[in-house]
Amino acid sequence: MDVERLLEEIKTKLSDVLVEAKIDRPRYASIKVKPEGMVKAATLLKENGFNHPLSVSGVDYPDRGEVEVVYHVSCLDSKSLVALKTALPRGQPSMPSLREIWRGVHFHERETWEMLGVKFEGHPELKRFLLQEDWEEGVYPLRKEFKLKPES
Amino acid sequence: MPIRVAWGIQHPMSGHLTLYLDVDGDIVLNTEADVGYTHRGLEKIAEYRNFIQYVPVIERACDFDASNFALGYVRAVEALMGIEVPERAKYLRVIAAELSRIMSHLYAQALLSMTGGFETMTVWSANDRELILDLLERLSGARVTHTYIIPGGVRADIPKGFKEKAYDVLNYLERRIWDYYKMLFQNKTFQDRTMGVGVLSKQDAIELGITGPNLRASGVDFDVRRDDPYEAYDKLDFEVVVEKEGDSYARALVRFYEIAQSIKIIKQALKDLPEGPIRCKTPPMLPRGETYTRIESGRGELGVYIVGSGTNKPYRLKISAPSFRNLAGLVYLCRDIPMGDIPVIYYSLDILLLDVDR
């Protein structure tokens, strides 16, 4: 489904959890929902042909006290791409895993968990992936408080 | 009675990963992958570098396909800034990116044929890859990590005599690849070794988020170069190669035909190369905002998600690397197969661990 029609449908069906929905440029849209609406939004996206998950990113915003999680999912038929976003509280970021809907996000969610500490509830394999086994608990490299040491 | 075997980080394939295999005799029942041995924190480094300093860094994310990775990052930066590069730079970028793709595909073919016991083919591919490396060296001054594509355009114009040399190499390669076809793809032993091995259905490939040649080998007709065109690809004539079978043979064959298409693209780009400047000015700061761009790299779709905050450093850079997604395909396919098929599947998916770990 093309993004214009998709956004109309999102606006009618997800009005209770929708924060923002806009078209960034032709065939690229971004949708921001409340954390509790993620499963509903993802299901709706999948029903509309967005079944090709490409990326999960986390962005840390300490000044807003939020961690934003962004799912980039493409639709191969309409050749369009949607960024599905949600903002989680920075202290205990947690949201339901979307692995049951898009199984390709399995490793992506695992990476986001270890790099930013976002807990994906229902994810069966939240354990170290890119970092070493003995990496300190509770230290998340892509959080802003984690500073790189200058090379001497 | 299944037992668990840790296969790695030294194993018969290239790259550092451990595969935890649950094996019953020779049959692998289930696989878990442990990666991260070459994790360098490239995404974190981006937050500490001026956006222009980061071009050589991202090339290290995948140094067998350096120009495509640089292009993916540079396009994200330019999309955020909202600048359009000069026409000549677009064509030169296409030339560098396609040379880089041939380099990557030849390398994949060399490794796949090595694991099947076709060392002759390995040497042929590696030798011919040298010719492409020589071309890239003429173009950019470096063989493997070129840093040719930079924000605003390209670093240098084509040198004197480059076109003639490029036509020589491309004409040679155009004939030469049919030797590969006879030597490898029509070889009964190679066919037996790869046909029907690691079959990835269309549905699975889409749901796992597989991209690029591996997706097209499973019958999905999608190529970012054609379907979401960037640079000069919308003005160039080429075909998107699609195979239906989804097995290791089909994946190798898609790469093989893509080499031919890349040669075609480079020849056109050299012929149509417009006159004009090769660079435009870029603002010194990354504006506030965010964008996601994607390009077709040799191993699949490279997505770059960049968040700018009004400084000269990216606030956040996410490299959504093709091999990271292909790893999901590897883990999925390494079930209920003989252990000896793992290298074939691994190489046919063209996974590069540098690119997984970043």
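The values are calculated or read from the model by the stated rules, or taken from the named source; none is laboratory data. Model, not experiment: these values are computed from the prediction. As a convention, Cβ positions derive from the backbone with ideal geometry for all residues, glycine included, and neighbour counts pool all protein chains shown. Protein only, heavy atoms only, side chains kept; ligands, DNA and RNA dropped before computing areas. Shrake-Rupley method; radii C 1.70, N 1.55, O 1.52, S 1.80 Å.
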Filter the range B:311-334 for residues that are closer than 18 Å to residue B:55 by Cα and more than 10 Å from chain A (Cβ to nearest Cβ); the one that is least open to solvent (accessible area, probe 1.4 Å) is B:314
What pairs come up if the first residue lies in the range B:7-18 and is free of Cβ contacts under 8 Å to residues at least 12 places away in the same chain, the second is open to solvent by 30 Å² or more (accessible area, probe 1.4 Å), and their beta carbons are under 9 Å apart, counting only those six or more places apart or on different chains? B:10/B:16
Among B:18, B:31, the single one that is in contact with a Cys (Cβ under 8 Å, 6 or more places away or on another chain) and surrounded by 17 or more Cβ atoms within 10 Å (Cβ to Cβ) is B:31
Could you run through the range B:185-226 and say how many residues are more than 10 Å from chain A (Cβ to nearest Cβ), part of a helix (DSSP H, G or I) and in contact with a helix residue (DSSP H, G or I) (Cβ under 7 Å, 6 or more places away or on another chain)? 9
Filter result (in contact with a Ser or Thr (Cβ under 9 Å, 6 or more places away or on another chain) and either within 13 Å of residue B:327 (Cβ to Cβ) or polar (S, T, N, Q) (or both)) within the range B:18-31: B:19
Any chance residue B:229 is more than 14 Å from chain A (Cβ to nearest Cβ) and closer than 27 Å to residue B:324 by Cβ: no
Selection from the range A:107-118 of residues within 12 Å of another protein chain (Cβ to nearest Cβ) and either touching a Pro at 6+ places or on another chain (Cβ under 7 Å) or not hydroxyl-bearing (Ser, Thr, Tyr) (or both) yields A:107, A:108, A:109, A:110, A:111, A:114, A:115, A:116
Qualifying positions in the range B:23-42 - more than 26 Å from the chain's Cα centre (by Cα) and under 18 Å from residue A:106 (Cβ atoms): B:30
Out of curiosity, is residue B:194 among the polar types (S, T, N, Q), surrounded by 16 or more Cβ atoms within 10 Å (Cβ to Cβ) and within 18 Å of the chain's Cα centre (by Cα)? no
Across the range A:42-69, what is the number of residues that are within 13 Å of another protein chain (Cβ to nearest Cβ), outside any strand (DSSP E or B) and charged (D, E, K, R)? 3
Among A:121, A:133, the single one that is open to solvent by 30 Å² or more (accessible area, probe 1.4 Å), within 12 Å of chain B (Cβ to nearest Cβ), without any contact (Cβ under 8 Å) to a residue 40 or more places away in the chain and over 20 Å from residue B:314 (Cβ atoms) is A:133
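Rundown of residues vs (1) under 24 Å from residue A:74 (Cα atoms); (2) open to solvent by less than 40 Å² (accessible area, probe 1.4 Å); (3) among the hydroxyl-bearing types (Ser, Thr, Tyr); (4) touching a residue at least 12 places away in the same chain (Cβ under 8 Å), yes/no style:
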site	(1), (2), (3), (4)
B:186	no, no, no, no
B:212	yes, yes, no, yes
B:223	yes, yes, no, yes
B:248	no, yes, yes, yes
Looking at B:43, B:59, which is the one that is touching a residue at least 60 places away in the same chain (Cβ under 8 Å) and in contact with a Leu (Cβ under 7 Å, 6 or more places away or on another chain)? B:43
Given the conditions (1) more than 10 Å from the chain's Cα centre (by Cα); (2) part of a helix (DSSP H, G or I); (3) closer than 18 Å to residue A:20 by Cβ; (4) in contact (Cβ under 8 Å) with a residue 24 or more places away in the chain, report the number of the one that residue A:39 does not fulfil. (3)
Restricting the search to the range A:42-60, which residues are open to solvent by 10 Å² or more (accessible area, probe 1.4 Å) and touching a residue at least 40 places away in the same chain (Cβ under 8 Å)? A:43, A:46, A:48, A:49, A:51
Exactly one of B:182, B:160, B:165, B:235 is without any contact (Cβ under 8 Å) to a residue 12 or more places away in the chain, out of contact with any Ser or Thr (no Cβ under 7 Å at 6 or more places or on another chain) and within 30 Å of residue B:86 (Cα to Cα), and that one is B:160
For the range B:270-310, what are the residues that are out of contact with any Pro (no Cβ under 9 Å at 6 or more places or on another chain), among the β-branched types (Val, Ile, Thr) and at the interface with chain A (Cβ under 10 Å from one of its Cβ atoms)? B:291, B:293, B:304
Mind checking which residues of the range A:84-106 are open to solvent by 10 Å² or more (accessible area, probe 1.4 Å), within 11 Å of chain B (Cβ to nearest Cβ) and out of contact with any helix residue (DSSP H, G or I) (no Cβ under 6 Å at 6 or more places or on another chain)? A:85, A:106
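Yes/no matrix, rows are residues, columns are (1) of a type in the set (S, T, N, Q); (2) not in a loop (DSSP other than H, G, I, E, B):
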{"site": "B:10", "(1), (2)": "yes, no"}
{"site": "B:16", "(1), (2)": "no, no"}
{"site": "B:21", "(1), (2)": "no, yes"}
{"site": "B:28", "(1), (2)": "no, yes"}
{"site": "B:31", "(1), (2)": "yes, yes"}
{"site": "B:36", "(1), (2)": "no, no"}
{"site": "B:44", "(1), (2)": "no, yes"}
{"site": "B:50", "(1), (2)": "yes, no"}
{"site": "B:55", "(1), (2)": "no, yes"}
All positions within the range B:65-85 that are within 20 Å of the chain's Cα centre (by Cα) and surrounded by fewer than 24 Cβ atoms within 10 Å (Cβ to Cβ): B:75
